Amino acid sequence: MNEARHLACGLAACIACVVTSSFAQTTVGTPASKATAEAAANESLFRHAEKYAASKGYSFGDGANVMLNQVAQRGEAEIALLPPEKRQEKVEEARANFERFIDAMIVASKEIPGYEAASPGKIGEQTYARAKNKLCPIWPIC
């Protein structure tokens with residue numbers, strides 16, 4: 001693999017770069033759809049989760065930020081071990097599961113007494129724990 005692909009992350013063998021560049025290499029279609037598909041494939045699972053939460057008007061607290069980033073990296077590493085033809089399906093599954101998990105975190109933020117008032121627009125460790133208790137086992141979070 002070309003080391004220049006890792007300039008953005010600064011690592012010689014970044015797992016996320018391996019995963020996303022593998023997806024980009026296997027994407028097919030017209031130039032316009034190929035560019036769109038490659039852009040989607042290059043988005044990390046964590047970044048997808050961040051953007052999804054933001055689309056709902058939320059951001060992650062520091063603890064949830066770290067925990068979600070860790071599980072996203074683990075999920076990307078697991079995907080990297082799959083045969084190339086199975087990776088895109090697993091990425092889509094992981095993204096859908098992150099969305100379900102974030103939705104559960106948002107619900108939890110409304111159920112925990114005083115949480116929304118204390119942390120408006122944030123979903124954090126307490127909501128993470130509740131969502132995990134409700135949805136596990138949900139890959140790649142659990």
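The values are calculated or read from the model by the stated rules, or taken from the named source; none is laboratory data. Treat the numbers as computed from the prediction; the structure is a model and nothing was measured. Cβ coordinates were reconstructed from backbone atoms using ideal geometry, including for glycine residues, and neighbour counts include every protein chain displayed.
Structure data summary
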| item | result |
| --- | --- |
| Cβ pairs under 8 Å, 6+ apart, first in segment 127-140 and at pLDDT 95 or above, second assigned to a loop (DSSP other than H, G, I, E, B) | T127/I112; R130/I112; K132/I141; K132/C142; L135/I141; L135/C142; C136/C142 |
| Helices (runs of 4 or more DSSP H) contained in segment 1-87 and holding at least 3 residues surrounded by 11 or more Cβ atoms within 10 Å (Cβ to Cβ) and either hydroxyl-bearing (S, T, Y) or at pLDDT 95 or above (or both) | 15-26, 45-55, 62-80 |
| Subset of segment 63-90 [under 9 Å from the mean Cα position of the chain (by Cα) and touching a residue at least 24 places away in the same chain (Cβ under 8 Å)] | L68, V71, A72, Q73, G75, E76 |
| Yes/no for S109 being of a type in the set (S, T, Y) and in contact with a Phe, Trp or Tyr (Cβ under 9 Å, 6 or more places away or on another chain) | yes |
| Hits in segment 88-103 (condition: within 15 Å of K56 (Cα to Cα) and buried (at least 20 other Cβ atoms within 10 Å of the Cβ)) | F98, F101, I102 |
| Filter result (of a type in the set (S, T, N, Q), surrounded by 12 or more Cβ atoms within 10 Å (Cβ to Cβ) and part of a helix (DSSP H, G or I)) within segment 114-142 | Q126, T127 |
